[in-house]
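Since every read-out is calculated from the coordinates, none of them should be taken as a lab result. What you are looking at is a predicted structure, and each value in this text was computed from that prediction instead of being measured. So basically every Cβ, Gly included, is an ideal-geometry build from the backbone, and we count neighbours across all protein chains shown.
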Amino acid sequence: MYEARLYRNSMNKARFKGFRVVVGESDLWIGVNRNDWNPKMESAAWKCVVEIRSLLEEYIFRFPEFRDSFDPVPVLGNDSSVITLMKDAGFAAGTGPMASVAGMVAQETGLYLSAKFDLTEIVVENGGDIYLQVVSPVVTRIDAGRNTNFGRIGLVIPPEMSPVGVCTSSGMFGHSVSLGQADSVTVVSSSAYLADAFATGIANQIHTSDDIGVVTETSFTADMLSLVCIKDDQIGIKGNLKLGKTN
């Protein structure tokens, strides 16, 4: 069932010229620096997402376990770079490869448009999973659904750390499968593939607020820049990025 992406109302539309691309289940909001805007970007982004999804659907047709497995799937010698990176992310996070699919689509679309149009800044948001490249600081909102105990907090992404993936998983809202009950788990990584898979894997481990402290400490790895876990009245924060307020 489609869920209205109301959080998109808080996107910085003064800084970014945004447009939407929808292909199948992929529903992307893409923002670029207004000085970089080119109307050809919309059709180029659509074509990119179609090609990515076609590659994925063809692979799943041949290997259904790639879609269905909740456990890591071995890399094959003739796998494409996208499939390999999804499988690698699954091994890193202890999840199936499809745990990284939203981050993958966001990152591949962002990289393609950035190279094609020589962009200074781009934000690609795909169901709450984000790939971004910026030249000045930006605050990415942490969405914990109905849990408002911590207000409108976000993570400050400095330009020297971008491009990055900022991905969120929840057991309480959203369309993705979660085996836990976390209100939200947000991971920032240099790879949106990894950020998405880690967010899913960590959210799977959180069932009550008592899990927050231990899971936050034990799940943080060198592949992450920051980790924020929220359940009820508990929040766990680990990493180098500062918290900031969002609109």
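Spin-label pair Ala14-Glu58: with each label point 7 Å from Cα along the Cα-Cβ axis, the two points sit 4.6 nm from one another.
Under the 0.36 nm per residue contour assumption, what length would be gained going from the current alpha-carbon distance of Val214 and Leu243 to full extension?
Values: separation 29, 0.36 × 29 = 10.44 nm, distance 2.05 nm.
Separation in residues times 0.36 nm, less the Cα-Cα distance, equals 8.4 nm.
For the chain, what are the DSSP H helices with axial Cα length of 15 Å or more and mean Kyte-Doolittle hydropathy of at least 0.0? Before the final figure, lay out each step's value.
Values: long enough: 41-62 (32 Å, 0.23); 81-93 (18 Å, 1.02); 101-117 (24 Å, 0.68); 192-203 (16 Å, 1.18).
In the chain, the long hydrophobic H runs are 41-62, 81-93, 101-117, 192-203.
Here the 3J(HN,Hα) profile of the stretch 14-20, calculated from phi with Karplus coefficients 6.51, -1.76 and 1.60 at θ = phi - 60°, is 6, 8, 10, 7, x, 8, 10 Hz, Gly and Pro shown as x. Which shape class applies to the chain: rounded if a/c is under 1.5, otherwise prolate when a/b exceeds b/c and oblate if not, where a ≥ b ≥ c are the square roots of the Cα gyration tensor eigenvalues? Taking the square roots of the gyration eigenvalues as a ≥ b ≥ c, the chain is oblate.
Exposed loop sites, defined as GluC sites (Glu not before Pro) outside DSSP H, G, I, E and B with at most 13 other Cβ atoms within 10 Å, are absent from the longest region of the chain, namely 26-247. Taking each residue as 0.36 nm, the span from Lys40 to Asp71 lengthens on full extension beyond its C-alpha to C-alpha distance by 7.2 nm.
Take every pair of alpha-carbon atoms less than 8 Å apart whose residues are at least six positions apart; their mean separation over the length of the chain yields a relative contact order of 16 percent.
Quick check for me: using +1 on Lys/Arg Cβ and -1 on Asp/Glu Cβ, what's the dipole size of the chain about its Cα centre, in debye to the nearest 20?
Working: 21 positive and 28 negative charges, 203 e Å.
It comes to approximately 980 debye.
Whole-Hz Karplus values for the stretch 229-234 come out as 10, 10, 8, 6, 9, 10 Hz, taken residue by residue from phi with 6.51 cos²θ - 1.76 cosθ + 1.60 and θ = phi - 60°; glycine and proline positions read x.
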